[in-house]
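To start, the structure itself, in structure tokens.
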Amino acid sequence: MSATKPDRRMVKWACGLLTALYRMAAAVVILALVFFIFLRTYGVPDPLLRKAVRQANAAGIPIDMDRVTLTFRGWRANNFRYYSKHPDDLEPVIFAEQLYLTHLRPLSADWSLDAEAADVKINPPVAWGMDVPLESDLRTVENLKVSVEIYSDRISVSQCSAEWLGANFNVDGLIIRTKKPLRGIADPASGLKLKPVKRITARQFDLWEQQLQDIECTDGLDVHVNFIVDTRKLTDSKITYRVTADRVSACEVNLSSLELAGGYSFPRAELQLSVKSDDEHLNASASYNVELGQAKAAIENTIVSEQLLGLLPQPVSKFLIREQMHLAQVPKFSLVFGPAPFGSLLEMMEGMFEVGGMSYRGLEIEALKGNVQRTESLLQMTDLEASVVGQEHRSASVGSCMAGGHAEGLVLWDSSNQFFRVEASGSLDPSLLLEPLGRVRIATNVIQRFRFMDRPPKIDLRLGSSLTDWNTFFIDVETIATNASFHDAEFTSANVSARYANKVLHLDPVALTQGREFLRGSARIDFHERTAEFDGRGSLKPAALEDLIHPELDLFGSRIKAVGNTLITAIGKVDWATMQQTEFIAEVSTDQLEVPIVRMDDFSAT
């Protein structure tokens, strides 16, 4: 059999077809190459680009760009800008010199795209309520990648990752662009009246950013955000976020972990913070009800470190400096705030605290603990226990032993009436309080009249006053002491109860000994009228009594001297201003009385 020869016409036709197809393919490739070169060199024609931008703006996406070119990585938008809808935001909120759009594909009337940008600049909008310095790291986002699907009624954001403020961000969310609600159906959030937020100045932000530089995350900081934003209905908007970090260093203090989580779902916003350092921790939580306008919070801390004091808020640091108060370390505390309006949250507080060491205007406290409660204008610090450090090195200059000790008590402060009250009991030298009470001159005048030579007295103390009316000042003191002095009179033991109010000092009872000699009785000293009333009995020498009642008189001791055993019973009044009201009755007996020129033995007189 002979093989069938192919038809030459068919072969010729097939070759022609293949040649035509080859030429068409080559033409398509050449056209595509020319088109690519054109788009890469000149970009999308400006009329087409302007039309696309207008369509995006009409769809509620306020964007703009100077040029779009085609690259091997996809479409590249030069000088991409995203604007805020706020009329005061004139500059673009987001700016990228080069934004790459990859996998740009239409889905019928909708679009899907992936975007990348190595460097994105942020200009904080007015709604953020802060002035951010131009050199701040907050204005720069690096290595941005995001997948966006744009539909007629929503925008989906997924697989969004970026590096911002030293943290790795991962964001997924949905922006719903719903139609306006039907007439008669109101959004529950539409009637809310939100209070304006106080704007943060550039200087305040710069100080805050400097504090953040003291925090280092060795293994990085991860932030995960999920959100649903309904542009027409606030009540359907939700957001959750979670920040985690291991091996954190804050002010050279190593923390094992840090976790911050929170979210918002109408009408409640919540936040939780957990920081761990070995067996120590700091836990905090807060919530705010938008509908009720009520906030509450709780915080507990067992991490004690002097270095962490550098993270205290600037207003707190300024307060400590102004009041000459120094903390040796961050205190332990457990506090609960609210419920109360957000701006008044600090006015509703209760809890406990424990400070390892502190100083206040020269008073050094080794340890302090107690309970604290604030209700509106009234601040109460109760069940206070303090160990006060002595300052014996100052005893010679002060004239008292300056020994420390232990004290218990309470402190009350009424800010509305500018009134304070202090109650304390314990064993310490009151002269240690001279500097802390320096602004309460009346209190220091009373304390300076007492001196304790060898050891601190046992004291029960109450004092208080209005800072606007010092005539309301009062002080009550009950003390038991050895080797003490009042005015210039020295005693080997003293048991005295003193009360001062309205410029009058009451001493009742008074029990004093001076070796084998004694004095028992009471006294009333009026500093306004400059008089002293007394009723007592004792064997003290008249010179000692004179020093006790009126140290400036110097009658006994220099002109009249009692020698030997002496017994005096006296009641009356001494006017050391004019002597006009001086009137007293005294029974005096002494072994020997010496007056100028005359000496009398076994003297007795009334």
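The values are calculated or read from the model by the stated rules, or taken from the named source; none is laboratory data. Note that this is a predicted model, so its numbers are computed, not measured. Note: ideal-geometry Cβ built from the backbone for every residue, glycine included; neighbour counts use all protein chains shown.
Within the range 267-295, the residues that satisfy the criterion of being among the hydroxyl-bearing types (Ser, Thr, Tyr) and modelled with pLDDT of 90 or more are 274, 285, 287, 288.
Only one of the numbered conditions (1) touching a Ser or Thr at 6+ places or on another chain (Cβ under 7 Å); (2) surrounded by fewer than 16 Cβ atoms within 10 Å (Cβ to Cβ) is not met by residue 502, and that is (1). Only residues that are hydrophobic (A, V, I, L, M, F, W, C), in contact with a helix residue (DSSP H, G or I) (Cβ under 6 Å, 6 or more places away or on another chain) and assigned to a helix (DSSP H, G or I): list them for the range 401-451, please. Passing the criteria: only 447. The residues listed here are 246, 206, 214; of these, the one that is of a type in the set (Asp, Glu), modelled with pLDDT under 80 and over 27 Å from residue 293 (Cα atoms) is 214. Looking at 396, 367, just one residue is within 27 Å of residue 435 (Cα to Cα) and not in a strand (DSSP E or B), and that residue is 396.
Within the range 208-221, residues that are loosely packed, with under 14 Cβ neighbours inside 10 Å sit with their Cβ atoms under 7 Å from residues that are of a type in the set (Lys, Arg), at 6+ positions apart or across chains, in these pairs: 218/247; 219/247. Among the criteria (1) surrounded by fewer than 15 Cβ atoms within 10 Å (Cβ to Cβ); (2) modelled with pLDDT under 90; (3) out of contact with any strand residue (DSSP E or B) (no Cβ under 6 Å at 6 or more places or on another chain), the one residue 125 does not fulfil is (1). In the range 474-485, the count of residues that are of a type in the set (Val, Ile, Thr), part of a loop (DSSP other than H, G, I, E, B), in the same structural domain as residue 395 (by TED's automatic domain parsing) and farther than 29 Å from residue 515 by Cβ is zero. Of the listed requirements (1) in contact with a Leu (Cβ under 9 Å, 6 or more places away or on another chain); (2) within 28 Å of residue 394 (Cβ to Cβ); (3) surrounded by fewer than 21 Cβ atoms within 10 Å (Cβ to Cβ), residue 470 misses just one: (1).
Just one residue in the set 511, 481 is out of contact with any Pro (no Cβ under 8 Å at 6 or more places or on another chain) and of a type in the set (Gly, Ala, Ser); that residue is 511. Of the residues making up the range 568-586, not one is over 17 Å from residue 524 (Cβ atoms), surrounded by fewer than 15 Cβ atoms within 10 Å (Cβ to Cβ) and modelled with pLDDT of 80 or more. Of all residue pairs spaced 6 or more apart or on separate chains, those with beta-carbon atoms under 8 Å, a first member in the range 105-134 that is at positive phi and a second member that is at pLDDT below 85 and surrounded by 13 or more Cβ atoms within 10 Å (Cβ to Cβ) are 129/200.
Among the residues of the range 501-518, just one is in contact (Cβ under 8 Å) with a residue 40 or more places away in the chain and under 53 Å from the mean Cα position of the chain (by Cα), namely 505.
Yes or no, residue by residue, for (1) buried (at least 16 other Cβ atoms within 10 Å of the Cβ); (2) assigned by TED's automatic domain parsing to the domain that holds residue 459; (3) touching a residue at least 12 places away in the same chain (Cβ under 8 Å); (4) not hydrophobic (A, V, I, L, M, F, W, C):
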| site | (1), (2), (3), (4) |
| --- | --- |
| 335 | yes, no, yes, no |
| 345 | yes, no, yes, no |
| 371 | no, yes, yes, yes |
| 390 | yes, yes, yes, yes |
| 396 | no, yes, no, no |
| 413 | yes, yes, yes, no |
| 423 | yes, yes, yes, yes |
| 432 | yes, yes, yes, no |
